[in-house]
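The values are calculated or read from the model by the stated rules, or taken from the named source; none is laboratory data. Because the structure is a prediction, the values reported are computed rather than measured. Every residue, glycine as well, gets a Cβ built from its backbone with ideal geometry; the counts of neighbours run over all protein chains shown. Areas reflect the complete protein model, heavy atoms only, side chains present, ligands, DNA and RNA absent. Shrake-Rupley method; radii C 1.70, N 1.55, O 1.52, S 1.80 Å.
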Amino acid sequence: MQKTKVYVAGHNGLVGSATLLALKADPRYEILTRSHAELDLEDRAATRAFFLEHRPDHVVMCAAKVGGIMANSNFPVDFLHNNLRIQLNVFDAAHEAGIDRMIFLGSSCIYPRDCPQPIKEEYLLTGPLEATNRPYALAKIAGVESCWAFNRQYGTNYLAVMPTNMYGPGDNYHPENSHVLPALIRRFHEAKVRNDPSVVVWGSGKPKREFMYSQDLGDAVRFLLEMPDERFGELTRPEVTPLVNIGVGTDVTIREVAELVKATVGYQGELKLDATKPDGTPRKLLDVSRLAAMGWKAQTPFDTGLRHAYEDFVARHG
Ligand code: GDP
């Protein structure tokens, strides 16, 4: 049996490792990976050489410079320029190597800050972006446009998928630069170990976020890769923005998340809000009806995923 060769770019990240796990179990795939040290996707010549040598059938593009609200405001150049460079190199090399099907991973922050909820794919570029992650969002919007441009000009099947906030095994638990869920897992765990009387949660606690377990995203990527050409091609027709949301369809407030993490960790102290820290977007719940209509739904309940994530944190860092 001829195997389908899939290059998972960025396989050591949260999204990439979940994709790898989902695909690795399937004997129909031959998976190709390169660590950042082996292949720097910001190096145009090296990226081109890699694609031309290996010529994968499909590419799942998870490689990106990512981070939470603080990292985004401290390193705007990195979030904009590194991501644009990586994307230009990967798209150009993939096209030159004749890759037909690519899944480009973005994030729900590409949508306008104040758009109606839940967020439909067609709300892209209908209003101003949230300032705290605008550089990253603009790079990712450029990626959506690259998918579309290649599909229009060259008849490729490049699809951009926008996952909601992700969490899961192998997450980045940096105390300042990570996203809210891993940050809170670390903070509550450390407070429990030290017997601290209270834990600080940033902002007003009022913003709402939707959280998806990373392995559900891996499953969604596998679902899309397995789609027959005809159905996948419907999503990447030159006439349509090649964009699909991936989420769970429900959200919770940051205070609720904090309470849930507190309970999962088993911390007994008090929870304090620090209003001097930014809230970011008030709400970003994705409308996931497009993917649901195709037959895919996230399976992991939030409390189950959170328990697994906490176990993973303890195993790696506890
Ligand atoms: P965002 O979804 O792009 O805004 O990124 P984050 O995951 O970093 O932040 C989500 C929300 O959680 C924001 O309202 C933050 O202020 C809030 N938050 C509360 N505590 C923390 C924390 O310790 N770290 C982070 N990153 N966010 C926190």
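Annotations
- Residue that is farthest from the ligand (Cβ to nearest atom), among those in the stretch 135-177 that are assigned to a loop (DSSP other than H, G, I, E, B) and crowded, with 22+ Cβ neighbours inside 10 Å: 156
- Test: residue in the stretch 259-270 that is surrounded by fewer than 21 Cβ atoms within 10 Å (Cβ to Cβ), within 14 Å of the ligand (Cβ to nearest atom) and over 23 Å from the mean Cα position of the chain (by Cα): yes
- The stretch 23-73, subset of a type in the set (Val, Ile, Thr) and closer than 30 Å to residue 277 by Cβ, residue farthest from the ligand (Cβ to nearest atom): 66
- Residue within the stretch 258-267 that is within 22 Å of residue 143 (Cβ to Cβ) and not in a helix (DSSP H, G or I) present: no
- For the stretch 69-95, filtering for residues that are over 16 Å from residue 139 (Cβ atoms) and open to solvent by less than 10 Å² (accessible area, probe 1.4 Å) leaves 2.
- Residue within the stretch 306-317 that is more than 22 Å from residue 195 (Cβ to Cβ), of a type in the set (Asp, Glu) and open to solvent by 60 Å² or more (accessible area, probe 1.4 Å) present: no
- Filter result (surrounded by fewer than 20 Cβ atoms within 10 Å (Cβ to Cβ) and aromatic (Phe, Trp, Tyr)) within the stretch 108-134: 123
- Identification of strands (runs of 3 or more DSSP E) wholly contained in the stretch 1-82 with 2 or more residues that are in contact (Cβ under 8 Å) with a residue 60 or more places away in the chain and not basic (Lys, Arg) yields 4-9, 58-61.
- The residues on offer are 116, 135, and the sole one that is modelled with pLDDT of 95 or more and farther than 21 Å from residue 88 by Cα is 116.
- Test: residue in the stretch 228-251 that is part of a strand (DSSP E or B), β-branched (Val, Ile, Thr) and either without any contact (Cβ under 8 Å) to a residue 12 or more places away in the chain or within 13 Å of the ligand (Cβ to nearest atom) (or both): no
- With respect to the conditions (1) surrounded by fewer than 19 Cβ atoms within 10 Å (Cβ to Cβ); (2) at negative phi, residue 98 falls short on a single one, namely (2).
- Residues that are open to solvent by less than 50 Å² (accessible area, probe 1.4 Å), in a helix (DSSP H, G or I), under 30 Å from residue 225 (Cα atoms) and of a type in the set (Phe, Trp, Tyr) do occur in the stretch 293-303.
- Scanning the stretch 271-292 for residues that are open to solvent by 40 Å² or more (accessible area, probe 1.4 Å), in a loop (DSSP other than H, G, I, E, B) and hydroxyl-bearing (Ser, Thr, Tyr) gives a single hit, 276.
Yes/no per residue for (1) farther than 25 Å from residue 236 by Cβ; (2) at pLDDT below 95; (3) touching an Asp or Glu at 6+ places or on another chain (Cβ under 9 Å):
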site: 62; (1), (2), (3): no, no, no
site: 70; (1), (2), (3): yes, yes, yes
site: 79; (1), (2), (3): yes, no, no
site: 82; (1), (2), (3): yes, no, yes
site: 91; (1), (2), (3): no, no, no
